[in-house]
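Colleague: The structure under discussion is supplied below as structure tokens; questions concerning it will follow.
The values are calculated or read from the model by the stated rules, or taken from the named source; none is laboratory data. Everything numeric here is computed off the predicted structure, so don't read it as measured data. Positions of Cβ are backbone-derived with ideal geometry, glycine not excepted, and every protein chain shown enters the neighbour counts. Please note that ligands, DNA and RNA were not included when accessible areas were found on the heavy atoms of the full protein model with its side chains. Shrake-Rupley method; radii C 1.70, N 1.55, O 1.52, S 1.80 Å.
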Amino acid sequence: MLCLVLESLLVANRGEIARRIIATANQLGVRTIAVYSEADADLPFVREATEAVLIGPAAPAESYLKVDAVLAAAKATGAAAIHPGYGFLSENADFAQSVTEAGLIWVGPSPEAMRSMGDKIAARNRMQAAGVPVAPGTPDPVPDVAAALVAASEIGYPVMVKAAAGGGGIGMAAAYNDEELTSAFETARTRAERFFSSPSILLEKYVPSARHIEVQILGLADGTVVALGERDCSVQRRHQKVAEESPSPAVTPEIRAAILEAAVKAGQAVDYRNAGTVEMLFDTSTGDAWFLEMNTRLQVEHPVTEAVTGLDLVAEQLRIAAGEAPSFDPANPPSANGHAIELRVYAEDPKRFLPGPGAITEWVEPTGDGVRVDSGYESGNKVTPFYDPLLAKLIVHGDDRADAISKARSAVEGFTIVGPKNNLPFFAELLSNDEFVQGEYDTGLISRMRS
């Protein structure tokens, strides 16, 4: 049982992740407080919390991103702690600091750790100093196109252009020559300024045949950092993840050991506490694995790690925030048992992946052994255009990868959503794709499927 300091928890998020956090907290006997916008008043997470507070209209800037409104809701309800989920304010170090200065517990890493990982260039340099391998790239912001061209000639084409303060694939583009780099650089800088209020750009070596591998870490209350295995997140469209699995079919035991060791070093380098993810780029042609970035929050895809380890990562987060020991032996953290796959079910066109909001007239979730659905909606709800179009996460766990794929196929077939467009037809296609079935895919898989 959690100590009384976490008697109550405000969840500063919406949809499926708010619902998921609320479910665990409710099970632990923690009083839960939801905050919601006018557009989300009828969603399940609002009803399932112990209390719910309206914090503003639909626009995120006037509700979920409005720090004063979230803190006022926490004060009015007597919340002891705030869990930010993912997205919105989850990686905002100033918000985390405001939470702690208000006398509340922040369920996440320290603001200092968040700031140190918030800028990709500073994070690269810090990781390199800590002995974590990083891809060839620029150690300082690239000021203009001329400097970018010089840097690219030193790194060697192709290169990836990135917004240093960015995330979610925004401001990222690959360039194979000077002409493409000139165009990509200007576009990335414009988007970086628009979305992140920072025009800072970096270049890194781009590996077309790469796998996107990430490691789930927990920084425990006593300062110990543990790694809970890896996830393969290489099924992506527009640099955004669509499906994940654990363990990765591309990783050998030797490579796994090296990646997990690098992830622990990364966490130790910033005195990390709570749940975080170290993202790595794995070059399948050379076996090299390079640090990409650290996500200082709970990931969308955390359920695949939960499925293979048997842990509840939200419960572990709350234990750490309360200063308690984890539910497992840190000297012998659980390793993968079986295989898990997560499919992100979006309200989007399954061919072009463009958002398709609308009213849900029928919603039937699949059931069965090893099948889990983390959903944000139900029949009668309306998917609005104001937020990310994620509807639900379909997670399956099998004895091995073939069993997991078989269960995923059946679950996709048994998932009915009528109303908004959705990408379930795409997943039926993916789960029969030879590259995916053989486990021999990379981040270019969806592009090849749609070419």
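Colleague: Do the conditions hold for residue 307, that is, is it small (Gly, Ala, Ser), in a helix (DSSP H, G or I) and out of contact with any strand residue (DSSP E or B) (no Cβ under 6 Å at 6 or more places or on another chain)?
Modeller: no
Colleague: For the subset of the stretch 161-201 comprising residues that are charged (D, E, K, R) and in a helix (DSSP H, G or I), which member is most open to solvent (accessible area, probe 1.4 Å)?
Modeller: Out of the qualifying residues, it is 194.
Colleague: When you scan the stretch 202-242, how many residues do you find that are open to solvent by 30 Å² or more (accessible area, probe 1.4 Å) and under 24 Å from residue 151 (Cα atoms)?
Modeller: 5
Colleague: Sticking with this structure for a sec: Can you name the residue in the stretch 255-305 that is without any contact (Cβ under 8 Å) to a residue 40 or more places away in the chain and open to solvent by less than 40 Å² (accessible area, probe 1.4 Å) and is also farthest from the chain's Cα centre (by Cα) among such residues?
Modeller: Once the filter is applied, the top-ranked residue is 287.
Colleague: I would also like to ask the following. Which pairs do you get when a residue that is in contact (Cβ under 8 Å) with a residue 60 or more places away in the chain and farther than 20 Å from residue 342 by Cβ, found in the stretch 382-393, comes within reach of a residue that is open to solvent by 10 Å² or more (accessible area, probe 1.4 Å) and in a loop (DSSP other than H, G, I, E, B), reach meaning Cβ atoms under 6 angstrom, with the pair 6+ apart or on two chains?
Modeller: 384/357; 386/58
Colleague: For the stretch 1-117, give me every one of the strands (runs of 3 or more DSSP E) that falls completely inside it and has 3 or more residues that are crowded, with 22+ Cβ neighbours inside 10 Å.
Modeller: Qualifying strands (runs of 3 or more DSSP E): 8-11, 31-37, 81-83.
Colleague: Give me the pairs, please: first residue somewhere in the stretch 33-54 and in contact (Cβ under 8 Å) with a residue 24 or more places away in the chain and under 18 Å from residue 6 (Cα atoms), second residue anywhere and of a type outside the set (A, V, I, L, M, F, W, C) and open to solvent by 50 Å² or more (accessible area, probe 1.4 Å), beta-carbon distance under 6 Å, and either six or more positions apart or on two chains.
Modeller: Qualifying pairs under 6 Å: 33/51; 50/31.
Colleague: Out of 315, 347, 331, report the one residue that is without any contact (Cβ under 8 Å) to a residue 12 or more places away in the chain and either crowded, with 19+ Cβ neighbours inside 10 Å or over 23 Å from residue 409 (Cβ atoms) (or both).
Modeller: 331
Colleague: Out of the stretch 403-451, which residues are among the small types (Gly, Ala, Ser), open to solvent by less than 70 Å² (accessible area, probe 1.4 Å) and not in a loop (DSSP other than H, G, I, E, B)?
Modeller: 404, 406, 408, 411, 428 - these are the residues of the stretch 403-451 that are among the small types (Gly, Ala, Ser), open to solvent by less than 70 Å² (accessible area, probe 1.4 Å) and not in a loop (DSSP other than H, G, I, E, B).
Colleague: Okay, next question. For the condition modelled with pLDDT of 95 or more, assigned to a loop (DSSP other than H, G, I, E, B) and either within 18 Å of residue 311 (Cβ to Cβ) or of a type in the set (Val, Ile, Thr) (or both), what is the one hit in 221, 250, 263?
Modeller: It is 221.
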